[in-house]
Amino acid sequence: MLEHVSITDTGNDRDVRAPGLAALAGLVADETRAVCLLALLDGRAWTAGELARHAGVAPSTLSGHLGKLVGGGLLAEERQGRHRYVRLADTRVAQLVEDLAGQVAPHRAHRPRTLRAASAGSAMARGRTCYDHLAGRLGIAVTDALTAHGLLSAASDPEGRRTGGAKTEAEAVAVAVERPDASGLTAPAAPAAPASRERATGFLLTEAGLRWFEGSGIALDRATRRPLARACLDWTERRPHLAGAAGAALCRHALDAGWCVRIGSERAVKVTVAGERALAELLGIEAGALR
């Protein structure tokens, strides 16, 4: 990664990061490579052959594209015997790809040409994984429920100011007075205290939220340098859903506990009967919102 150099170091007013930024944009600017990056948002490792079939190109053509993506630091590769596996290099790359995809205007998207493509698109919109967290209507429903019960809060208002006009995280802390709501869940009567180590990433996981994760048996890695909660723009719902360490933990638990199962060959997931029951009990989400 290029280190920051001031204009006095270069002797002119050109930012030395420009060549690197142009090279990065060039990596993503090819449609075949974009197809691969989007496919790998499922968080799994794919073989070169699988990606070639998915992208509709010859293996030899795909190999050249993968070489550029690996060389550019966007993909990591592993070899097992005759197979070459690739995956997104890290969560930062996943965030970059999803954020870029979120900027694509809805009218620019191609309409499905077949019933199969339409069904796959409908399944992706209903629920999918976005690298390692939940997205689509499922992700939005979970995010909204967490917010409604004071477990998650917005880090800033639409104009980008800190919630409540606070200048620092410490100034934003408020004492939460809890009371049971109609669903039997605990909701704060006043703004809940955010976790002290949260940064301005769009969402804040409140102290009540931390307790909820622990009480629900969802393992949350609080030692990670990754933000506990981050807002990720949902490209089908055009609203932010929960990402970060909390989003990843919730998605992992949902799959491991059988609340959700993967369907099809892409990132689509479906909520099971057990998942509907669990989400209703834990977050008061109605089953109809998950179908």
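Judged by the gyration tensor of its Cα atoms, with axes a ≥ b ≥ c, region 227-291 is rounded; a/c sits under the 1.5 cut. Charge tally around residue 267: other residues with Cβ under 10 Å, Lys/Arg +1 each, Asp/Glu -1 each, net +1. Converting phi to 3J(HN,Hα) with the Karplus coefficients 6.51, -1.76 and 1.60 and the offset θ = phi - 60°, region 78-85 yields 9, 10, 10, x, 8, 8, 10, 9 Hz in sequence order, with x at every glycine or proline. Taking the Cα centre of region 200-274 as reference, the dipole from Cβ charges on Lys and Arg (+1) and Asp and Glu (-1) amounts to some 160 debye.
Scanning residues 5 or more positions from residue 155 or on other chains, those with amide H under 5 Å from its amide H are 202, 203, 204, with H placed 1.01 Å from N in the peptide plane.
Ranked by the mean number of other Cβ atoms within 10 Å of their residues, highest first, the peptides 225-234, 14-23, 275-284 come out as 225-234, 275-284, 14-23.
Residues whose amide H lies under 5 Å from that of residue 131, counting only those 5 or more places away or on a different chain, are 42, 43; hydrogens are built 1.01 Å from N in the peptide plane.
A protection proxy built from the mean count of other Cβ atoms within 10 Å ranks the segments 38-51, 133-146, most packed first, as 133-146, 38-51.
Close amide-amide hydrogen proximity is noted between residue 89 and 75, 76, each under 5 Å apart and 5 or more residues distant or on a separate chain (H modeled in the peptide plane; Pro and chain starts excluded).
The numbers here are math on the coordinates, done by the rules we state, and not lab data. Since this is a predicted model, take the numbers as computed values, not measurements. Positions of Cβ are generated from backbone atoms using ideal geometry, with glycine treated the same way; all protein chains shown enter the neighbour counts.
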